[in-house]
1. Compute the separation of the alpha-carbon centres of the range 40-57 and the range 64-128 and state it in Å as a whole number.
2. With all protein chains present, how much of the accessible area of the chain (probe radius 1.4 Å) comes from carbon and sulfur, to the nearest whole percent?
3. Amide H neighbours of I83 under 5 Å, counting only residues 5+ apart in sequence or on other chains, H built in-plane at 1.01 Å?
4. Just one of (1) 12.8; (2) 9.2; (3) 10.4 is mean projected area of the Cα convex hull in nm² calculated from these coordinates, so which is it?
5. Suppose the chain between A100 and D76 were pulled fully straight at 0.36 nm per residue; how much longer would it get relative to their current alpha carbon spacing?
6. Placing +1 at every Lys and Arg Cβ and -1 at every Asp and Glu Cβ, with all other atoms neutral, what dipole size does the chain have around its Cα centre, in debye to the nearest 20?
7. Return the distance in nm (one decimal) between the two label points of a simple spin-label model at D112 and W8, each offset 7 Å from Cα along Cα→Cβ.
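The values are calculated or read from the model by the stated rules, or taken from the named source; none is laboratory data. The structure displayed is predicted, hence computed values, not measured ones. Heads up, the Cβs are rebuilt from the backbone with ideal geometry, glycines too, and the neighbour counts pull from every protein chain shown. For the accessible areas, the whole protein counts, side chains as well, though only heavy atoms, and no ligand, DNA or RNA atoms are used. Shrake-Rupley method; radii C 1.70, N 1.55, O 1.52, S 1.80 Å.
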Amino acid sequence: LGLTQAPWICTLRLAQHLLPYHPRRLGALCHELGIPMGREHRADDDARAAALLLAHLLPLLPPEVETVEQLAAFTDRPLLQHICRVNGFAGRPWTELTLAELQAIATHEDLDPDARHSLAHYRGEVEG
């Protein structure tokens, strides 16, 4: 078919970067932002809502994000989580975890990049 690999952009992940305290589900996020959703979990309605969400988010991007490739790189950066999602600590704000609990989380070998980034942030190992 001659298809080429295009950059992949997740509008929900982009929203998590730009609107970190907003809902993480497409329907709830669209509702909160006043974006028409249609029927959730229907391919055509979800695709339309994702496109409208992307149009809503593009003006919020930092000025240095000018190309699709830069947008994909921006979206792929690790997210700073405010609520821990690590087993045994899930649902708790990272800011309420003790140093001992953070050290226990650090022993988990299966942390995803977002959890690793959040752990380092809340342990004071990175800025931002």
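1. That distance is 27 Å.
2. The value for the chain is 56 percent carbon and sulfur by accessible area.
3. W94
4. This structure yields the entry labelled (3).
5. Fully extending the segment from A100 to D76 adds 5.7 nm.
6. About 320 debye.
7. It works out to 1.3 nm between the two label points.
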